[in-house]
Amino acid sequence: MTTQVVHHTRASISRNRVVARRDFLKGISVAALAAGGLSWTDLLSLQAGELRRRGMACITLWMGGGPSQFETFSPLERHENGGGTKSIATAVPGIRFADSLPEMAKLAKECAVIRSMTSKEGNHVRAAYLLHTGYLPTPTVKYPALGAVAAHQLADKACELPSYVRIGRSGLSDSAGGFLGVEFDPFVLGKADRPPENTAPATTNDRFQSRQQLLARMEADYASSGGAEQVADHRKLYDQASRMIMSRQMRAFDLAQEPEKMRTAYGEGAFASGCLMARRLVEEGVTFVEVTLGGWDTHGDNFNQTRKLAEQVDRPMAQLIADLKQRGMLERTLVVWMGEFGRTPKVNARSGRDHYPQAFNVVLAGGGVRGGQVIGRVTPDGAKVADRPVTVPDLFRSFCHSLKINPDAEQMTPIGRPIKIVDGGKVVNELFG
Amino acid sequence: MKHRCKLPFVLLVVAGLAAALISDSASAADDLARVAAEVDRLLGEEALRGKPLAPPVDDAAYLRRISLDIVGEPPGPAEITSFVLDPAPDKRRRMVDQLLTNPQYGQNWARYWRDVIMARRSDERALVRAGNSATVYLTEQFNKGAGWDQIARSLVTATGDVRHEGSTALLFAQEGKPEETAAEAARVLLGFELQCAQCHNHPYDDWKREQFHEFAAFFPRVVVRPLPNDIVQNFEITSLEKSGGGGKNKAKAEHYMPDLKNPQAQGTLMQPVFFLSGQALPPGMTDKQRRQTLARWITARENPWFAKAYVNRVWAELLGRGFYETVDDLGAKRKCAAPRTVEYLSQRFVENGYDLRWLLRTISSTAAYQRASKSRGESDATPFTAVVIQPLRSDVLFSALTSALGANELESAAAANPKNKNAAYGRNGPRFVFEQVFGFDPSVPREEVSASISQALLLMNGPQLSHGLKGDNPQGMLGKLLLSESHDDLVATELYLRTLSREPSEKELAVVIEHVHSTSKRSAAFEDVLWALINSAEFRQRR
């Protein structure tokens, strides 16, 4: 067996200036990989950490607004800060979830709950940026989101769908490609229950192709008289877009192709459809899918609101993990549940909880993560991390570990400044032990 | 008639008035030319330093540029032809004057500022509920010639129903929260990025955490109150004093700087102090007193940053690059490509009543503005040697599309649809949908604004656009054109003028004609050409 694995490195692609693009191809035998003839470090040294790790994928369930840890994965039943939220036993003795997550409780063996996430950023926009990129926003460098990094590092070139897809809008910036450039921005779908907008050509396919050619010919003159950069960037985008909509893989966006039984298993609602579509997309070769569920900014009426939200998450998330497992995809698909921060232990005068980055939760499953465990501990009032603090760089290093991305690999900004994929932090080893 | 006067008297008066007007406008023009020349001179000394300059922009490209910049829409084919053929030496200046009397001028700049404010909204509801009233309010202000100082004061002191009082936008977008409002007031009105000082002393500036919270102490008594429900939930901005004051609002009466080590504690009581001037208010002032005083201090002539921030933004929009590269991160320690130039232009701007029309007239009169354009990559080394090619803002691109396709009625028809919930706010229809896909934060450096696959898909396949392209629809733009014009090269020229505001080059014309000849159906061939034009890189940009 001598199938060639294509390695594709884009050393420095920038947004509006294509500085230098180095594509190099390197073939190694898949048989050698499969036989385990090469260790991870061998692979690293082979291609300076730029090897593509075939098939690794990630699905992030983004809880926009900052989900309350107390009403989800860390109920505080015996403390007044718990606010009366009841807990239930899970499949793992000693681990309890809020009673609004019965399906997830059954799957606790697959999940690692980090209860000691900690950061200092309590502003939505900045914290969402932090939990997407691993960096705080600065005016000077636009950091790429993890999805963009994963697309850049892992994308399957044979896949004609965008390698980074976001389902559902929640006020997040769509230019998450950062300094990696336009082609690493997420492809955003408002909703999963209908195909993405404008993906059906307005004409016959032949005419669509002929229009593309006409466009290229008509733009040649402008390109040669000063517009080269603009035209080249534009061309790249249009090529990508046309290749995508002409592809048979577009079927991944069509939930109607799923058996009714499967749709029922995921449950109802936009978030459920998003989870099902995420699985279809990953199955088709998409590297990174983010499914968003907004509304977690519960400054008022926290208990009713979070119950409704948790109910929207419970079944779809549990079914997603179960479905991936059943299809043998869970080992190479990391599933992450997180938001930008948690909520205050103290309930405010409006029955709400405010922003709280000091101690919050992230839940991981699949992608080599050892389930059935809780990492870290908070004080009985939920206010402080009592044991095993996990910082955002620690978390991002762990994501990289799971996805087999070298976190110390440097990526070039447009001005040629090398930036590490993750700056500082340590892998949370317990996750993988 | 009762009021008939003696003819010679009337003539005399008319002649006198005309003479006064002419000499007035002549001296105004002189003054403008003088300021513009001085800007160019200073720029030459500070920034250009003898570097090679791009040649002056040709008339057609200039007309497209100035039209997009002032009224947010490209010129029509007839306008282009008559402008290019006009031999008058002052035609560019006259065109600017003419565009500035078009009400779309106010609307275009209102939309720009609405986007500046809304792009950083903390409250999603603001976009739909206050987006339209903000546009309406600002349009009116710009069109009636209100100074930016006056507008800025109203943004700080606003009260009332957010659906009707557009000046509430800045406050409502931040839910009236003191810290967010303070950060946004500093960013939008002063060009200062204070946000980081909320939690720690500013890493590369002198701003201390205390200063941020002293500034936030101007806003603790702003109240966002839900109004009785009619069709949809609505809000008003009011003052703590007016909303009853007591109860759960009591704690809100003052601003406290949180204790980072003990976030549960009340924190330190802060008095309102304006970080730029050190001016302070005594304790216990009402909301009205706090905000009105702050509005005065921000817009005081002694505060140079207020004018500079504005001048820098407008310059950046027009030239494609600001004196300070990031329009909302100014300050004494920031790199400025031409400090004396921006200083000079800002002072003249203040003397001329903070008038946007004056500023647009002046900047567009400079040689710097009238240079040919280059892409950002090519013009990075020395700023202002060429105008930088910019992507069009969503509203401008939408207007360019509708005017190219002659589909202006599209918008109004959809806006009148009462079934759309957003119709209650005037935020619906294709323009709003388009904005969801093409909108971007105008404060972000333009090189970071990227085009997305969704945008390409909409322009390639959007059903409404496809309908607008129809060549066999005798009611449509292309259908009419094909019926009335039998010469293919003239049809091609007309389509180029409608989309790119220029005639096709010989090579381009040859490509088009070849395509038409190789396609069996004439209308279909030109649909393809029009499709390619609106899908071209050039169409989406301002050169």
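Throughout, read-outs are computed from the coordinates displayed, never taken from laboratory work. A quick note: this is a predicted structure, and the numbers were derived from the prediction, not measured. Note that we place each Cβ from the backbone using ideal geometry, even for glycine, and neighbour counts take in every protein chain shown.
Counting only other chains, what is the mean number of Cβ atoms within 10 angstrom of the Cβ of each residue in peptide A:230-242?
5
Given the peptides A:335-343, A:237-245, arrange them by the average over their residues of other C-beta atoms within 10 Å, most packed first.
So the peptides A:335-343, A:237-245, ranked by packing, come out A:335-343, A:237-245.
Could you order peptides A:426-433, A:405-412 by the average number of other Cβ atoms within 10 Å of their residues, highest first?
A:405-412, A:426-433
Ranking B:336, A:400, A:58 by Cβ neighbours within 10 Å, fewest first, what do you get?
Least crowded to most crowded, the residues run B:336, A:400, A:58.
For the protein assembly as shown, take the alpha-carbon Rg, divide it by the Kirkwood Rh, and send me Rg/Rh.
0.98
Return, ordered by residue number, the residues of the stretch A:289-328 whose backbone nitrogen is under 20 Å from a label point located 7 Å along Cα→Cβ of residue A:77.
Answer for this model: A:303-304, A:306-308, A:310-311, A:314.
With runs of 4+ DSSP H residues as the only contributors, calculate the mean residue ellipticity of chain B at 222 nm using -39,500 (n - 2.57) per run, divided by the residue total and rounded to the nearest 500.
About -16500 deg cm²/dmol.
Using a 10 Å cut-off around each Cβ of peptide A:221-228, what is the average number of partner chain Cβ atoms that fall inside?
Mean inter-chain Cβ contacts per residue within 10 Å come to 5.
Could you please tell me the mean projected area of the C-alpha convex hull for chain B, averaged over all directions and given in square nanometres to one decimal?
Mean projected area for chain B: 32.4 nm², to one decimal.
Express in whole angstrom the spacing between the alpha-carbon centres of the stretch B:111-149 and the stretch B:275-328.
After rounding, the separation between the Cα centres reads 17 Å.
Hand me the trypsin sites (Lys or Arg not before Pro) from the stretch B:32-110 located in a DSSP loop with no more than 12 other Cβ atoms within 10 Å, in residue order please.
B:49
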